[in-house]
Structure formats: C-alpha cells, structure tokens
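Nothing in this text is a laboratory measurement; each read-out follows from the coordinates by a stated rule. Keep in mind that what you see is a predicted model, and the values were worked out from it rather than measured. Here the Cβ positions follow ideal geometry from the backbone for every residue, glycine too, while neighbour counts run over all protein chains shown.
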Amino acid sequence: MTELERPPLNLRVGFWALFGFTALGLALEALHGFKLGFYLDVDNETRRLLWRLGHAHGALLGLLNVAYALSAHAWPKLEDRLAGRALLSALVLMPLGFLLGGAFAHGGDPGVSVGLAGAGGAALLFGLGKIAWKAG
C-alpha cells in the first residue's frame, strides 16, 4: 500500500481507539457483572468513576479524530498537521490520565497521574481552536 492509498493517521488511530475503548467498556461491564469488589466496593468509587471517565473520553476522542480526518479530507483547508497531532495527543493523554489516576487511587483521591488528563484537555483545546480558526 502506497502512502497515497493509506488512510490519514487521525482516521487510523481514531478507529483503533474506538476498538480499544469499546473493549475497555465491555471489560468494565464484566467487572460490574461479576460484582468484583476492587471495582464496585464503596471504597473504590473514585476508581470506578475515573475508569468510566477514561473509557468515555477515549471513545469520544476516537470519534473526534475520525471526524477530523474525514472533515479534513472533504475540506482540505481544515487540514493542519499541528492540530491533528494535538487531537492525537489528547486522545492518548486524557484517557490515560483518568485510567492511571483510577488505578492508583487512594481513598477518595486519584493518583497523581490524573494530571495527564489536564494536559490532554489543553491539547484538545489547542487542536480544536486551531481547526475552528481555519474553518473561519
């Protein structure tokens, strides 16, 4: 497959993210279905919340990357390498921050890695702002 035939990076990564975060959602449903204490106990409410946030943000950011790739293909004026990379960064950082924050939660406090979610939010805001500016 030549580079011209290969789908854009945001499209490929977006679909893989949808696959992965859908699988994560099914795994979280299984944890709930089997009533596993490390996920469902009241003491682990923070973990459960952060893992659900990681799953939801990952799936939605996967969709956003797919939408951006298709939009940039339909309207080449919207294509911006830096904005596309910012959306990819958000796709990695935000869910990872939530997932790791939940994995290392102590009591009601998330792990310090939840700060990655904030960095992902900043990358998302930057990428969306750049694309919105180009859209005019």
For helix 81-103, report the angle its Cα long axis makes with the longest principal axis of the Cα atoms of the chain; keep it between 0 and 90° and round to the nearest 10°. 0
For K35, go through the aspartates and glutamates and keep the ones whose alpha-carbon is under 20 Å away, minus same-chain ones fewer than eight residues off. D43, E45
Give me a comma-separated list of calculated 3J(HN,Hα) values for the range 18-35, in order, Karplus coefficients 6.51, -1.76, 1.60 applied at θ = phi - 60°, integers in Hz, x for any Gly or Pro. 4, 4, x, 6, 5, 4, 4, x, 5, 5, 5, 5, 5, 4, 5, x, 8, 6
List the residues, sorted by chain then number, that are 5 or more residues from A105 or on another chain and whose placed amide H is less than 5 Å from its amide H. G111
Loop-exposed GluC sites (Glu not before Pro) per DSSP, neighbour cap 14 Cβ within 10 angstrom, longest uninterrupted part of the chain: 6-136
Cβ charges +1 (Lys, Arg) and -1 (Asp, Glu), total dipole of the chain, debye: 340
Scalar couplings 3J(HN,Hα) for the range 105-114 by Karplus 6.51 cos²θ - 1.76 cosθ + 1.60 (θ = phi - 60°), nearest whole Hz, x for Gly and Pro, are 5, 10, x, x, 9, x, x, 5, 5, 4
Any idea which of A119, L40, L96 is furthest toward the positive side of the dipole for the chain, if Lys and Arg beta-carbons carry +1 and Asp and Glu beta-carbons -1? A119
Which loop trypsin sites (Lys or Arg not before Pro) in the range 31-136, with loop taken from DSSP, have no more than 12 other Cβ atoms within 10 angstrom of their Cβ? K35
Can you give the helix-only mean residue ellipticity at 222 nm for the chain, where every DSSP H stretch with n ≥ 4 adds -39500 (n - 2.57) and the sum goes over all residues, rounded to the nearest 500 deg cm²/dmol? -26000 deg cm²/dmol
